[in-house]
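A.B. asks: This is the structure, below, for whatever I ask next.
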Amino acid sequence: MNFPVIKGAAYNLFHAPEMLIHQGTTQTSEMRTNPGSDHLKKLASALRGFDDVVQYPANQVYIGNMTPAELEATPTPWYANPIPAASRVGRFGGIYSEDELIGLMKVVDIFDLVMLEDTFQKSVAHKLLSNEKFSNIKNIAKIDNPGISKEDIDALLGKQAEALRFQGQIVGCVKRAHEFDPALTAHVMFENLVSKASSVATVMELLANLSMDPHDVEYIIECSEEACGDMNQRGGGNIAKSIGEACGLLNATGSDTRSFCAAPAHASVEAAALVQAGVYRNVLVVAGGSTAKLGMNSKSHLEKNVPVLEDVLGTFAFIISENDGVHPIIRTDVVGRHTIGSGSSPQAVMTAIVTDPLDRAGISLKDIDKFSPEMQNPEITKPAGAGDVPEANFKMIAALGVKRGDFDRSEIAEVVKQKGLPGFAPTQGHIPSGVPFLGFACDMLMAGEINRVMIIGKGSLFLGRLTNLFDGVSYLIEKNPGIVKQETIVDKDEIRKMVAEAMRNFAISLGSE
Amino acid sequence: MDLENQARIKDLADEFGNEELIVVLGGGEAEASALAAETVTSGDPTYAGPLAGVPLGLKAYHIFELKDEVDAEVYDEQISMMEMVLDMDTIIEAVSALR
């Protein structure tokens, strides 16, 4: 069987400290319930600068300049051990500043909702236009047009627009897209435009890295956690197509897939199935950043004198294509799924998504070289009382192995070390969910360092208050064994000829009797 | 503790009182489990939810402490794996200290 392949992946980060203060829900909730709180007073002075964000080891891993193994060898806390020579340009992507993100929001906005102050627009225009990777974004040149005055921005802010800020100053705004539609408020449009803009930048990064013709992409699956629509179809979509339009993917259509943090794993499986079935040759999977989650655990961080580390938006994009005999394959026959009947205890979840698919394929836990579950950076989650999430997952996999007899109980720590990875992704919900390792996995599988990786996505569906069910999906990636020659398939005409010939011979034999 | 859960526990305590009602925790970490136990005992220490300043006086137990009360087969199916994953002793110590 010819399995589909992962052609490559791109990862970008966007430093967004102003959005952390003004759009992060921990802060907006605090402003609503306790506007004079100490947290809000302390926050602004506790935020990191752009250089700190670039030099932060976990961020360097996310964009591909350091490997997870190098991160593991870095002394902790990582925030106290910056990489002074770090570059904002990485092998898988880059780290962008907040003004660049705001400029990109203006570029991808086709309803004239993003208005920027003239001086700011000019300064950011220079940055965006000098980035070769962005040169083919549709309408990139419009950033070179004049912006508007501060007075005009003030007037728009008086009409329920949401302010765009850079380095403490208001530099523009996002207007509401409807007079009273709650699904098209300035705030909703702000979130969706950030998601779209950050996705577009990452898709352009991916196409450039792969030297891929944008016209070769035939389908796009967007798998963020945002909802795009109006009051009659809140969440109607289609963010995927809006991204593809801005990236010049003229031969593609697409759709949005949602399942909280598990969506990227669902999207991967869907993309792999579409390619393997021959429906589309190249499928793009993409997700942008979430402003709501910026500074989500900032209260705990400030209380424990940890820098406010949730100051970046994360994004990813990857391409799943027909088997080329080179890139790692997705074993579509080894897909784990948490079913409605699986149960929601950690044990039931891990059995359903990790060991059940392996058992069905006759593969042992021992045969998997690396597991990539929820790759949240532990420096973010530990001070907030959520522990080291990836490590907990590796321990669960090892413990499950002990219960099944794959490993001895004394081996748990060693299994965790060998088959695990340090968490390095920002806590942006869907972003850390398994796929941040795809870039490294492709490198390591192609270099022959490892043979099998399991990607695991999990989602907390109870947050939507429609079900208490949990969700989880996993899939296996393997080193490409080469293209399997397809057996010749007999077509219908040939079958008809064969049947006709058989009947003719039968008739002749009857006539001769 | 999740604000929604605080509201649900408060409603149950209002309806049934605190004599015949216990809270069973499944937290994966000592500090977070202790915070949840404190919330249902003496009130939400973060002053964010419905239990802020509301000392329900409920007793909280971690599920690890109730192993003998649970059907062995169910416990093996649902919890036993986590005994190997989590720091049981620290969690039990943190939660039981609040009773």
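A.B. asks: Between residues in the range B:82-96 that are within 13 Å of chain A (Cβ to nearest Cβ) and residues that are open to solvent by less than 30 Å² (accessible area, probe 1.4 Å) and among the aromatic types (Phe, Trp, Tyr), which pairs lie under 6 Å by C-beta distance while being six or more apart or on different chains?
C.D. replies: B:MET88/B:PHE64
A.B. asks: Moving on. Please list, ordered by residue number, the helices (runs of 4 or more DSSP H) wholly in the range A:1-83 having 2 or more residues that are of a type outside the set (A, V, I, L, M, F, W, C), open to solvent by less than 60 Å² (accessible area, probe 1.4 Å) and over 19 Å from A:TYR96 (Cα atoms).
C.D. replies: By residue number, A:25-33.
A.B. asks: Would you point out which residue out of A:ALA287, A:ALA252, A:ALA273 is hydrophobic (A, V, I, L, M, F, W, C), touching a strand residue (DSSP E or B) at 6+ places or on another chain (Cβ under 7 Å) and open to solvent by less than 10 Å² (accessible area, probe 1.4 Å)?
C.D. replies: Working: A:ALA252 fails: open to solvent by less than 10 Å² (accessible area, probe 1.4 Å); A:ALA273 fails: open to solvent by less than 10 Å² (accessible area, probe 1.4 Å).
Just one listed residue meets the conditions, A:ALA287.
A.B. asks: Right, here's the next one. Taking helices (runs of 4 or more DSSP H) that do not extend beyond the range A:402-513, which have at least 1 residues that are in contact with a strand residue (DSSP E or B) (Cβ under 9 Å, 6 or more places away or on another chain) and without any contact (Cβ under 8 Å) to a residue 60 or more places away in the chain? Lay out the reasoning, then the answer.
C.D. replies: Working: elements: A:412-419, A:438-446, A:492-511.
Result: A:412-419.
A.B. asks: Quick check: is even one residue across the range A:295-311 away from chain B (no Cβ under 14 Å) and among the basic types (Lys, Arg)?
C.D. replies: no
A.B. asks: Are any of the residues in the range B:46-62 small (Gly, Ala, Ser), within 27 Å of A:THR355 (Cβ to Cβ) and surrounded by 14 or more Cβ atoms within 10 Å (Cβ to Cβ)? Break it down into steps so the answer makes sense when it comes.
C.D. replies: So in the range B:46-62, the residues small (Gly, Ala, Ser) come out as B:48-49, B:52-53, B:57, B:60.
Imposing the further condition that a residue be within 27 Å of A:THR355 (Cβ to Cβ) reduces the set to none.
Within the range B:46-62 (the criterion being small (Gly, Ala, Ser), within 27 Å of A:THR355 (Cβ to Cβ) and surrounded by 14 or more Cβ atoms within 10 Å (Cβ to Cβ)), the answer is no, since none of the residues qualifies.
A.B. asks: Of the residues A:VAL124, A:VAL108, only one is without any contact (Cβ under 8 Å) to a residue 40 or more places away in the chain and within 28 Å of A:LEU250 (Cβ to Cβ); which?
C.D. replies: Residue meeting the stated conditions: A:VAL124.
A.B. asks: Please work out if B:ILE79 is within 28 Å of A:ALA413 (Cβ to Cβ), within 11 Å of chain A (Cβ to nearest Cβ) and among the β-branched types (Val, Ile, Thr). Quick ask: steps written out before the conclusion?
C.D. replies: Details: within 28 Å of A:ALA413 (Cβ to Cβ): yes; within 11 Å of chain A (Cβ to nearest Cβ): yes; among the β-branched types (Val, Ile, Thr): yes.
Yes, satisfied.
A.B. asks: Return the total of residues in the range A:214-232 being more than 15 Å from A:HIS430 (Cα to Cα) and touching a helix residue (DSSP H, G or I) at 6+ places or on another chain (Cβ under 8 Å). Talk me through it step by step, then tell me what you get.
C.D. replies: Residues of the range A:214-232 that are more than 15 Å from A:HIS430 (Cα to Cα), as a first pass: A:214-220, A:228-232.
Now restrict to residues that are touching a helix residue (DSSP H, G or I) at 6+ places or on another chain (Cβ under 8 Å): A:214, A:217, A:219-220, A:228-231.
Residues that pass the stated criteria total 8.
A.B. asks: Kindly establish whether A:PRO4 is under 24 Å from A:PHE316 (Cα atoms) and either modelled with pLDDT under 95 or out of contact with any Cys (no Cβ under 8 Å at 6 or more places or on another chain) (or both). Talk me through it step by step, then tell me what you get.
C.D. replies: Working: under 24 Å from A:PHE316 (Cα atoms): yes; either modelled with pLDDT under 95 or out of contact with any Cys (no Cβ under 8 Å at 6 or more places or on another chain) (or both): yes.
So A:PRO4 fits the description; yes.
A.B. asks: Further question on the same structure: Identify, from the list A:ILE320, A:ILE397, the residue that is surrounded by 23 or more Cβ atoms within 10 Å (Cβ to Cβ) and within 12 Å of another protein chain (Cβ to nearest Cβ).
C.D. replies: Values: A:ILE320 fails: within 12 Å of another protein chain (Cβ to nearest Cβ).
Just one listed residue meets the conditions, A:ILE397.
A.B. asks: Is there a residue in the range A:345-360 that is in contact (Cβ under 8 Å) with a residue 12 or more places away in the chain, of a type outside the set (Val, Ile, Thr), over 30 Å from A:TRP78 (Cβ atoms) and surrounded by fewer than 20 Cβ atoms within 10 Å (Cβ to Cβ)?
C.D. replies: Let us first name the residues in the range A:345-360 that are in contact (Cβ under 8 Å) with a residue 12 or more places away in the chain, namely A:346-347, A:349-358, A:360.
From what is left, the residues that are of a type outside the set (Val, Ile, Thr) are A:346-347, A:350, A:352, A:356-358, A:360.
Filter once more, keeping what is over 30 Å from A:TRP78 (Cβ atoms): A:347, A:352, A:356-358, A:360.
Okay, now just the ones that are also surrounded by fewer than 20 Cβ atoms within 10 Å (Cβ to Cβ), so A:356, A:360.
Scanning the range A:345-360, I find at least one residue that is in contact (Cβ under 8 Å) with a residue 12 or more places away in the chain, of a type outside the set (Val, Ile, Thr), over 30 Å from A:TRP78 (Cβ atoms) and surrounded by fewer than 20 Cβ atoms within 10 Å (Cβ to Cβ), so the answer is yes.
A.B. asks: Just need a number here: residues in the range A:334-343 that are within 14 Å of another protein chain (Cβ to nearest Cβ) and crowded, with 18+ Cβ neighbours inside 10 Å.
C.D. replies: Going through the range A:334-343 one residue at a time, the tally reaches 1.
A.B. asks: Moving on. Filter the range A:161-192 for residues that are under 13 Å from A:ILE239 (Cα atoms) and either in contact with a Leu (Cβ under 7 Å, 6 or more places away or on another chain) or modelled with pLDDT under 95 (or both) and give the result. Let's see the steps before the verdict.
C.D. replies: Restricting attention to the range A:161-192, the residues satisfying the condition of being under 13 Å from A:ILE239 (Cα atoms) are A:189, A:191-192.
A:MET189, the sole residue that qualifies.
A.B. asks: Please state which one of B:GLU31, B:GLU4 is closer than 25 Å to A:LEU463 by Cα, touching a residue at least 12 places away in the same chain (Cβ under 8 Å) and within 10 Å of chain A (Cβ to nearest Cβ).
C.D. replies: Being closer than 25 Å to A:LEU463 by Cα, touching a residue at least 12 places away in the same chain (Cβ under 8 Å) and within 10 Å of chain A (Cβ to nearest Cβ) holds for just one of B:GLU31, B:GLU4, which is B:GLU31.
A.B. asks: Would you say B:ALA52 is small (Gly, Ala, Ser) and either within 14 Å of chain A (Cβ to nearest Cβ) or under 16 Å from the mean Cα position of the chain (by Cα) (or both)?
C.D. replies: Spelling it out, B:ALA52 is indeed small (Gly, Ala, Ser) and either within 14 Å of chain A (Cβ to nearest Cβ) or under 16 Å from the mean Cα position of the chain (by Cα) (or both).
A.B. asks: Then there's this: Answer yes if at least one residue in the range A:376-384 is among the basic types (Lys, Arg), part of a loop (DSSP other than H, G, I, E, B), on the phi < 0 side of the Ramachandran plot and within 14 Å of another protein chain (Cβ to nearest Cβ), and no otherwise.
C.D. replies: Scanning the range A:376-384, I find no residue that is among the basic types (Lys, Arg), part of a loop (DSSP other than H, G, I, E, B), on the phi < 0 side of the Ramachandran plot and within 14 Å of another protein chain (Cβ to nearest Cβ), so the answer is no.
The values are calculated or read from the model by the stated rules, or taken from the named source; none is laboratory data. Please read all numbers here as calculations on a predicted model, not as lab measurements. Every residue, glycine among them, receives a Cβ derived from its backbone with ideal geometry; neighbour counts consider all protein chains shown. Ligands, DNA and RNA are stripped out before the accessible areas are found, and what is left, the full protein with its side chains, is counted by its heavy atoms. Shrake-Rupley method; radii C 1.70, N 1.55, O 1.52, S 1.80 Å.
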